[in-house]
Amino acid sequence: MKYNAFFMMLCLAVSCIGFAAEKTTLRIGVQATGTVEWELSALQSEPSADFQLDIHHVANPEAGKIALQSGAVDMIVSDWIWVSRLRATGADFTFYPYSDTSGSLLVPENSAIKTITDLKGKRLGIAGGELDKNWLLLQVLAQQEQIDLNASVEKTFGAPPLINEQIKQNRVDAVLTYWNFAARLESQGYRQVIDGKGILKGLGITDTVPALGYVFKQSWASKNKQAVNSFLKAGRQAKNRLCTSDAAWQKVIPLTKADDAATQARLRQRYCEGGIEHWGQKEQQAEARIYSMLRKLSNSQLTGQSEIVQPGTFWSIE
């Protein structure tokens, strides 16, 4: 009987150990050419006790959204406007910040364009479409100078690589593009006129607000709170390592697809400038102000009909 009791206790102990060692798998949809994979690569170099990653590569942002909505993945990186719009339809997606770097307006180094008022009558290449947030907010800023950019510039819309080629071939005078494509142009001598943070500052928003973040179902995250929050914290730590450790950065350089040191350095600089230092009520109130501007200028086409950011749009680590 004593031996039976001993073996029963041993079996229970082994079962408990096995249970404690079991990790929650987080399926994350990531663009193969995106910058999120840099962070995830650094994160995977120091495994967590709470989670393990299952990375699914997606072709583009829209494919990531489809994968998330269909349940093929648990998380993607997207924007909070989309999350709020979905929540207004009854979905329970939520958002936690990843980066506050959004985009930049660039011109050739010898261009006469010094400020956004100089864009009048010029040819402007815009990454994305008519509802691109950078483009909408730039228009709001120009309106403060009594300038209707939509009417006063010759616009060319397209994917970021195409827009970069447009300015290289002198088919446009300036480009408004995503930060990583802007960084590549900067390393080739193109000059930044204003970036996303500068646009927001001009609009009176001085708080640092995220442009992109991890998006996932609130119901799923609530069931896996320890693993999800552990992942989000580890992500910030991984980004800090890439920004403070040259050895850590060297390991992800192949993922940048940049062969020259100048481009690698500028990509690292802009990536690190997007770190989220604070995320709380103050920053979320600033997002609400941005939402109102975007809703008004897009005539609700971007935001949907809801007058406010939907409750639950933002996830907080407790």
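The values are calculated or read from the model by the stated rules, or taken from the named source; none is laboratory data. These numbers come from a predicted model, not from an experiment. Don't worry about glycine lacking a Cβ; one is built from the backbone with ideal geometry, like all the others, and counts go over all protein chains shown.
Among the residues of the range 112-142, those that are in a loop (DSSP other than H, G, I, E, B) and under 23 Å from R295 (Cα atoms) comprise G129, E130, L131, D132.
For D148, indicate whether it is closer than 18 Å to L200 by Cβ and acidic (D, E). No: the conditions fail for D148.
Within the range 138-160, track down each residue that is surrounded by fewer than 18 Cβ atoms within 10 Å (Cβ to Cβ), touching a strand residue (DSSP E or B) at 6+ places or on another chain (Cβ under 6 Å) and either within 24 Å of A261 (Cβ to Cβ) or charged (D, E, K, R) (or both). Result: E154, K155.
Matching residues to (1) more than 21 Å from D260 (Cα to Cα); (2) within 19 Å of the chain's Cα centre (by Cα):
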site	(1), (2)
E165	no, no
A174	yes, no
A183	no, yes
Y190	no, no
V193	yes, no
I199	yes, yes
G202	yes, no
L212	yes, yes
K223	yes, no
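Between E154, E145, E109, E165, the distinction of being within 22 Å of R289 (Cα to Cα), outside the structural domain of G213 (by TED's automatic domain parsing) and acidic (D, E) belongs to E145 only. State yes or no: is G29 on the phi < 0 side of the Ramachandran plot, modelled with pLDDT under 90 and out of contact with any Asp or Glu (no Cβ under 7 Å at 6 or more places or on another chain)? In short, no.
If you filter the range 60-82 down to residues that are touching a strand residue (DSSP E or B) at 6+ places or on another chain (Cβ under 7 Å) and assigned to a helix (DSSP H, G or I), you find that the one that is modelled with the lowest pLDDT is P61.
Selection over the range 19-63 of residues that are closer than 17 Å to D79 by Cβ and of a type in the set (G, A, S) gives a count of 3.
A quick yes/no check of all residues on (1) touching a residue at least 24 places away in the same chain (Cβ under 8 Å); (2) of a type in the set (G, A, S); (3) touching a helix residue (DSSP H, G or I) at 6+ places or on another chain (Cβ under 6 Å); (4) more than 23 Å from E283 (Cβ to Cβ):
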{"site": "F95", "(1), (2), (3), (4)": "yes, no, yes, no"}
{"site": "S104", "(1), (2), (3), (4)": "yes, yes, yes, no"}
{"site": "G121", "(1), (2), (3), (4)": "yes, yes, no, yes"}
{"site": "G129", "(1), (2), (3), (4)": "yes, yes, no, yes"}
{"site": "K133", "(1), (2), (3), (4)": "yes, no, no, no"}
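Taking the numbered list (1) buried (at least 21 other Cβ atoms within 10 Å of the Cβ); (2) part of a strand (DSSP E or B); (3) outside the structural domain of A221 (by TED's automatic domain parsing) in turn, Y96 passes all entries but (3). Can you find a residue in the range 234-247 that is more than 27 Å from D74 (Cα to Cα), over 20 Å from the mean Cα position of the chain (by Cα), in the same structural domain as I76 (by TED's automatic domain parsing) and hydrophobic (A, V, I, L, M, F, W, C)? The answer is yes; a qualifying residue exists.
Inspection of the range 284-298 finds a residue satisfying the criterion of being assigned by TED's automatic domain parsing to the domain that holds F216, touching a Phe, Trp or Tyr at 6+ places or on another chain (Cβ under 7 Å) and assigned to a helix (DSSP H, G or I). Summed over the range 101-112, the residues that are under 17 Å from Q188 (Cβ atoms) and surrounded by fewer than 22 Cβ atoms within 10 Å (Cβ to Cβ) give a count of 4.
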